[in-house]
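Enquirer: First, the structure itself, so that you have it in front of you.
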Amino acid sequence: MNIITTVVGSYPTHAYDAKTFNERLSDSLGLYDPYRQAIVNAVTSFVKRDIDIICDGQVREDMVKIFAGKINGFKIVDNTAYIKGKITPAARGISTKDLHFAYKVAKSLDDRFELNASLDKIYAHQQRGIKGIITGPTTIVHSSIIDNFYSSKKNAIYDIAKALSYEAKELEKGGACAIQIDEPFISTGAEDIEVSKKAVEYISTSVDIPVILHVCGDLKDVLEDLLSFDVDILDFEFSGMPQNIKTLKKAWTPECDKQIGIGCLNTKLESVDDEGDVKKTVNDVCKIIDKQNILIDPDCGMRMLDEDVAKGKLEVIQSIRNNGV
Ligand SMILES: [Zn+2]
């Protein structure tokens, strides 16, 4: 069995003040980036713990604002995203610069990191890669207020999907080994699943690299539908949501060619998970999906955790990656 690890996204962070002379000089010119050091910090932590598919740590703003702040048609007022006009793609890639910077940091620490790394080589532990993360269309629209232009959420979702497919293509060109679409809102039932599906597939079919769809929460009403989405990997929470194992067992069929990202660290638990518990979660899912290649990761974002606890948690999946289940 080949086991690889990834992270879902956000990592503990804080903005770093300008300290050195050069940093203070850039700051005075409005050019200092307080998040650059946070990316270095997150990436270093991932690489040290043998994470095979890293990300930039999603250290910049929250998952909605990072896109709504750049895509045309939105306006952020008092921390809330408002849709004010026709949604069209951002002028340039939103997160490609951070992807590149994170790659450079990772490569300097471990030569196995490659741009456009292949999933097969990552499973063979020959390469490591960096994925691009996009907040999904359903989640962005349901976290925003429609103020103008759209009479239904559905059309706004489709226009965001078009704007985000541009972002996905930029990340692919920038060297991402995969695109992860985060759609926490799908499991809430707030949107017609057919609309969410069409929007996700608009993005997934626009790139040639593997696409991961991350949906958190209780999947009992949506998992069967999710198995039919045109994506390569479905990433779910199983540790803090053990009922998802039962739901998967009911819905899974041996013909399913999708890979399942096994969320096996409980990110709501503010201490390091017991390795035996984590192994049990992985084994329970493995028995259902019966795959040679296994992808394991934390349940969901780690941002709210104490940094030392986050590191300790990653060391648990590092041990499973290196020693097996
Ligand atoms: Zn999540």
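The values are calculated or read from the model by the stated rules, or taken from the named source; none is laboratory data. These numbers come from a predicted model, not from an experiment. Cβ sites come from the backbone with ideal geometry, for glycine too, and all protein chains shown count toward neighbours.
Enquirer: Pairs please, first residue from region 1-14 and closer than 27 Å to K291 by Cα and among the aliphatic types (A, V, I, L, M), second anywhere and more than 16 Å from the ligand (Cβ to nearest atom) and assigned to a loop (DSSP other than H, G, I, E, B), Cβ atoms under 8 Å, 6+ apart in sequence or on different chains.
Expert: M1/Q292; M1/G324; M1/V325; I3/G324; I3/V325; I4/D52; I4/H125; V7/I51
Enquirer: I need the full set of residues from region 266-283 which are of a type in the set (S, T, Y) and more than 13 Å from I296 (Cβ to Cβ), in order please.
Expert: In the first step, residues of region 266-283 are kept if they are of a type in the set (S, T, Y); the result is 267, 271, 281.
Correct list: T267, S271.
Enquirer: Residues of region 230-277 being small (G, A, S) and within 16 Å of the ligand (Cβ to nearest atom), which ones?
Expert: Start the filter on region 230-277 by keeping residues that are small (G, A, S), which leaves 239-240, 251, 261, 263, 271, 276.
Once the filter is applied, which keeps residues that are small (G, A, S) and within 16 Å of the ligand (Cβ to nearest atom), region 230-277 yields S239, G240, G261, G263.
Enquirer: Within region 268-279, is even one residue part of a loop (DSSP other than H, G, I, E, B) and within 30 Å of E191 (Cβ to Cβ)? Explain how you work it out, then say what you get.
Expert: From region 268-279, those part of a loop (DSSP other than H, G, I, E, B) are 268-274; that's our starting set.
From the residues that got through so far, the ones that are within 30 Å of E191 (Cβ to Cβ) too are 268-269.
Taking every residue of region 268-279 in turn, at least one turns out to be part of a loop (DSSP other than H, G, I, E, B) and within 30 Å of E191 (Cβ to Cβ).
Enquirer: Residues in region 151-178 that are assigned to a loop (DSSP other than H, G, I, E, B) and out of contact with any strand residue (DSSP E or B) (no Cβ under 6 Å at 6 or more places or on another chain): how many?
Expert: Step one: filter region 151-178 for residues assigned to a loop (DSSP other than H, G, I, E, B), giving 151-152, 174-177.
Of the ones still in play, those that are also out of contact with any strand residue (DSSP E or B) (no Cβ under 6 Å at 6 or more places or on another chain) are 151-152, 174-175.
Of the residues in that region, 4 qualify.
Enquirer: Determine which member of the set A124, A190 is within 16 Å of the ligand (Cβ to nearest atom), of a type in the set (G, A, S) and surrounded by fewer than 24 Cβ atoms within 10 Å (Cβ to Cβ). Step through it out loud before you land on a result.
Expert: Numbers: A124 fails: within 16 Å of the ligand (Cβ to nearest atom).
The unique qualifying residue is A190.
Enquirer: Conditions first: (1) in a loop (DSSP other than H, G, I, E, B); (2) within 16 Å of the ligand (Cβ to nearest atom). I181 passes all but one, so which condition is the exception?
Expert: Condition not satisfied by I181: (1).
Enquirer: Additional query: Among the residues of region 294-325, what is the count of those that are under 19 Å from I245 (Cβ atoms) and either surrounded by fewer than 21 Cβ atoms within 10 Å (Cβ to Cβ) or more than 16 Å from the ligand (Cβ to nearest atom) (or both)?
Expert: Step one: filter region 294-325 for residues under 19 Å from I245 (Cβ atoms), giving 294-300, 316-317, 320, 325.
Still in the list and also either surrounded by fewer than 21 Cβ atoms within 10 Å (Cβ to Cβ) or more than 16 Å from the ligand (Cβ to nearest atom) (or both): 294, 316-317, 320, 325.
Of the residues in region 294-325, 5 are under 19 Å from I245 (Cβ atoms) and either surrounded by fewer than 21 Cβ atoms within 10 Å (Cβ to Cβ) or more than 16 Å from the ligand (Cβ to nearest atom) (or both).
Rundown of residues vs (1) farther than 20 Å from E167 by Cα; (2) assigned to a strand (DSSP E or B); (3) of a type in the set (D, E), yes/no style:
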site: S187; (1), (2), (3): yes, no, no
site: K197; (1), (2), (3): no, no, no
site: I203; (1), (2), (3): no, no, no
site: V207; (1), (2), (3): no, no, no
site: F236; (1), (2), (3): yes, yes, no
site: M241; (1), (2), (3): yes, no, no
site: N244; (1), (2), (3): yes, no, no
site: P254; (1), (2), (3): yes, no, no
site: G263; (1), (2), (3): yes, yes, no
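Enquirer: How do the pairs read when you match residues in region 204-221 that are under 23 Å from C264 (Cβ atoms) and among the small types (G, A, S) with residues anywhere that are outside any loop (DSSP other than H, G, I, E, B) and within 16 Å of the ligand (Cβ to nearest atom), using Cβ under 8 Å and keeping only pairs 6 or more apart or on different chains?
Expert: Filtered contacts from region 204-221: G217/P184; G217/S187; G217/T188; G217/E237.
A quick yes/no check of all residues on (1) at pLDDT 95 or above; (2) of a type outside the set (D, E, K, R):
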site	(1), (2)
A91	no, yes
A106	yes, yes
L115	yes, yes
L119	yes, yes
I133	yes, yes
K153	yes, no
S165	yes, yes
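Enquirer: Are any residues in region 36-62 in contact with a helix residue (DSSP H, G or I) (Cβ under 8 Å, 6 or more places away or on another chain), assigned to a loop (DSSP other than H, G, I, E, B) and of a type outside the set (K, R), and if so, which ones?
Expert: D50, I51, D52, C55, D56, G57, Q58, V59
Enquirer: Considering D218, D208, which residue is touching a Ser or Thr at 6+ places or on another chain (Cβ under 7 Å) and either within 15 Å of the ligand (Cβ to nearest atom) or closer than 30 Å to E114 by Cβ (or both)? Talk me through it step by step, then tell me what you get.
Expert: Working: D208 fails: touching a Ser or Thr at 6+ places or on another chain (Cβ under 7 Å).
Within the list D218, D208, the selection yields D218.
Enquirer: Among the residues of region 16-72, count how many are without any contact (Cβ under 8 Å) to a residue 24 or more places away in the chain and not small (G, A, S). Spell out the reasoning first.
Expert: So the first thing to find is which residues in region 16-72 are without any contact (Cβ under 8 Å) to a residue 24 or more places away in the chain, and the list is 16-34, 37, 61-62, 65, 69.
Within this subset, residues satisfying the condition of being not small (G, A, S) are 16-17, 19-25, 27, 29, 31-34, 37, 61-62, 65.
Summing the residues that are without any contact (Cβ under 8 Å) to a residue 24 or more places away in the chain and not small (G, A, S) in region 16-72 gives 19.
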